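*Asks:* Pasting a structure below so you can have a look.
The values are calculated or read from the model by the stated rules, or taken from the named source; none is laboratory data. These figures come from a predicted structure and were not determined experimentally. Every residue, glycine as well, gets a Cβ built from its backbone with ideal geometry; the counts of neighbours run over all protein chains shown. Note: areas computed on protein heavy atoms with side chains; ligands, DNA, RNA excluded. Shrake-Rupley method; radii C 1.70, N 1.55, O 1.52, S 1.80 Å.
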Amino acid sequence: MVGQFRDLVADADREHDPAVTRLLPDAYPDDAAASREFRRLTGADMLDRRAEDAGIVLNTLGMDGGDLDPESDPDTTITVALGETEARAWMRTLSAVRLVLATRLGIQDDDRHIPGDARFGIYDWIGYRLDGLVTALDRNLDHPPRA
């Protein structure tokens, strides 16, 4: 899924996809023309950074063209140790993937999310993983490792 996300934000026609548009902030909510101009000036850099973050996630999973292929053995367990830089890239990527999924599923707010609907399972799972990552980073900030 992260590889598909990287491909989505790296696509030349990415600005025409509503899911990609949702990844770009609306800098001037009361001025549509100014928001369009802001996106025009900053959007490519923002999406390039998202693609770089996705690349970091894939790299930490060993799925960046290396030998590991979890799809060949679905019972493969992958242990991932993240430094602060990698953890922040994971956090940004999981948040962005979740936004793309929300757009694809039509979730604009909590009222549009149907918890019992299986289509929302991966959306909820990513939210769970994101919460765990935030908690771990927060805990690490409160009690930094000793050198």
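*Asks:* Can you compute the modelled spin-label distance between Leu105 and Asp131, with each label point 7 Å from Cα toward Cβ, in nm?
*Replies:* So the two model labels end up 1.3 nm from each other.
*Asks:* Stretch Asp31-Arg88 to full length: gain in nm at 0.36 nm per residue minus the Cα-Cα span? Spell out each step's value before the answer.
*Replies:* Working: separation 57, 0.36 × 57 = 20.52 nm, distance 3.13 nm.
Between Asp31 and Arg88, full extension yields 17.4 nm more.
*Asks:* Would you be so kind as to identify which of His16, Met46, Trp125 lies farthest towards the positive end of the dipole of the chain, taking Lys and Arg as +1 and Asp and Glu as -1 on Cβ and the Cα centre as origin?
*Replies:* Met46
*Asks:* Please find, in a Gaussian network model of the chain (springs between Cα atoms separated by less than 10 Å), the residue of Gly43, Gly116, Gly106 whose mean-square fluctuation is greatest.
*Replies:* In this elastic network of the chain, the residue with the biggest mean-square fluctuation among Gly43, Gly116, Gly106 is Gly116.
*Asks:* Students often check this: by mean Cβ neighbours within 10 Å, which of 121-129, 97-105 ranks highest, and how do the rest follow? The partial results should precede the final answer.
*Replies:* Numbers: 121-129: 14.3, 97-105: 18.6.
So the peptides 121-129, 97-105, ranked by packing, come out 97-105, 121-129.
*Asks:* Still on this structure, I have one more. For the chain, what is the Kirkwood hydrodynamic radius in Å, using each pair of distinct C-alpha atoms?
*Replies:* On the way: mean 1/r = 0.0585 Å⁻¹.
Evaluated over the chain, this radius sits at 17.1 Å.
*Asks:* Now for a different question. Using unit Cβ charges (K, R positive; D, E negative) and no other charged atoms, how large, in debye to the nearest 20, is the dipole of the chain about its Cα centre? Walk me through the numbers before you get to the answer.
*Replies:* Details: 17 positive and 29 negative charges, 55 e Å.
Result for the chain is approximately 260 debye, rounded to the nearest 20.
*Asks:* Counting only protein heavy atoms, what percent of the accessible surface of the chain is carbon or sulfur at a 1.4 Å probe?
*Replies:* On the way: 4970 of 9940 Å².
Here carbon and sulfur together make up 50 percent of the probe-accessible area.
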